[in-house]
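Novice: One structure coming up, written as structure tokens, with questions to follow.
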Amino acid sequence: MSHTAHIRSHRKPRRSATTSIAVRAGVAGGVLSMAAAGASATAFAAESTTQTLELPTLSADLGSQVAESADAMQQAAANYQLQAERDAAAAKAAQQAKTDLAQAKKKAEAKKKAEEARRAAAEEAASRSTERATLSASASVSTSTSTATGSAAAVIAFVKAQIGDAYVSGGTGPNSWDCSGLVQAAFSQIGVDLPRVSQDQSTAGTPVSLSNLQPGDILYWGSAGSAYHVAVYVGDGMFVGAQNPSTGVAEKPMSYDPPTGAVRML
């Protein structure tokens, strides 16, 4: 036995021809497979890139419809705004008409009241004119009465002596008077004690007609018992009284301010 028989050989084992062929065939097959796969992928990629995505195109009819729709919406908005403006104008006109009607009614009422007041004033003026004419006629008759004598003459002399004195409300002399203060002082000269105020003096004596006056009678204005002014009849259609702050004590004709009634104290 050789001394190297038990040592393994370091030489590579020989491959058989069949093994070499098989390996070569396998490699070739793999290469062919990879080549086929690559070709397939290339073909797929080429096929994919050639595909296109078709999008819908905007036709002339569709564009026209869109434009018409936009115009319709714009017209609707304009119509809505116009209607709103019309409604606002109608509401404003209605309010103005209501205001004008109220003002017209107010003016008509004021005109009616003014006309009524004018008519009443005219009637009152006519009535006073008639009354003054009647009183003037009565005064003309009364002027034919006899001249004052005795106590009446003294009363008349006193009131005439005060002509020109001032009128002062509440005045009782000696240089300023009110109407009833003057009459009271005149009658006190002959010992006749008269009430202080006009209301009471108008009922102090015997009522007499204005057509039958005598000098020394007390004239009053207003109703008997509620007279607001008094004076002394001095004859010849005249009276003396403390009239007002403007005239003071003055002698006036009966037509100047016709009295309502008279009373006789003498």
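Novice: For an R0 of 35 angstrom, estimate the FRET efficiency from the Cβ-Cβ distance between THR99 and GLN75 and round to the nearest 0.05.
Specialist: 0.45
Novice: Another question about this same structure. Length gain on complete extension for the stretch LEU82 to SER246, per 0.36 nm per residue less the alpha carbon to alpha carbon distance?
Specialist: Values: separation 164, 0.36 × 164 = 59.04 nm, distance 7.24 nm.
The LEU82-SER246 span can extend by a further 51.8 nm.
Novice: Beta carbons within 10 angstrom, averaged per residue: use that to sort the peptides 234-243, 253-262, 66-75, highest first. Intermediate results must be reported in sequence, preceding the final value.
Specialist: Values: 234-243: 22.6, 253-262: 17.9, 66-75: 10.1.
The peptides rank, most packed first, as 234-243, 253-262, 66-75.
Novice: At what distance in nm do the modelled label points of ALA67 and ASP236 sit from each other, each positioned 7 Å from its Cα along Cα→Cβ?
Specialist: For ALA67 paired with ASP236, the spin-label model returns 11.5 nm.
Novice: Order the peptides 209-221, 87-99, 176-188, 153-165 from the highest to the lowest mean number of other Cβ atoms within 10 Å of their residues.
Specialist: Numbers: 209-221: 20.9, 87-99: 10.0, 176-188: 23.2, 153-165: 17.5.
The peptides rank, most packed first, as 176-188, 209-221, 153-165, 87-99.
Novice: Also, I was wondering about something else. Let me make sure I get this right: for the range 176-266, a, b and c are the square roots of the gyration tensor eigenvalues over alpha carbons, sorted descending. Under 1.5 in a/c it's rounded, otherwise prolate if a/b > b/c, else oblate. Which is it?
Specialist: The shape class here is rounded.
Novice: Between ILE163 and ALA224, what is the label-to-label distance in nm when each label sits 7 Å out along the Cα-to-Cβ direction?
Specialist: Between ILE163 and ALA224, the simple spin-label model gives 3.0 nm.
Novice: Within the set of other residues whose C-beta is less than 14 Å from the C-beta of LYS98, count the net charge using Lys and Arg as +1 and Asp and Glu as -1. Don't jump to the answer; show the numbers that get you there.
Specialist: Details: positive: LYS92, LYS105, LYS106; negative: ASP100.
Overall, the nearby charge balance is +2.
Readers should treat all values here as calculations from the given coordinates under stated rules, not as data from a laboratory. Please read these numbers as outputs of a predicted model, since none were measured by experiment. So basically every Cβ, Gly included, is an ideal-geometry build from the backbone, and we count neighbours across all protein chains shown.
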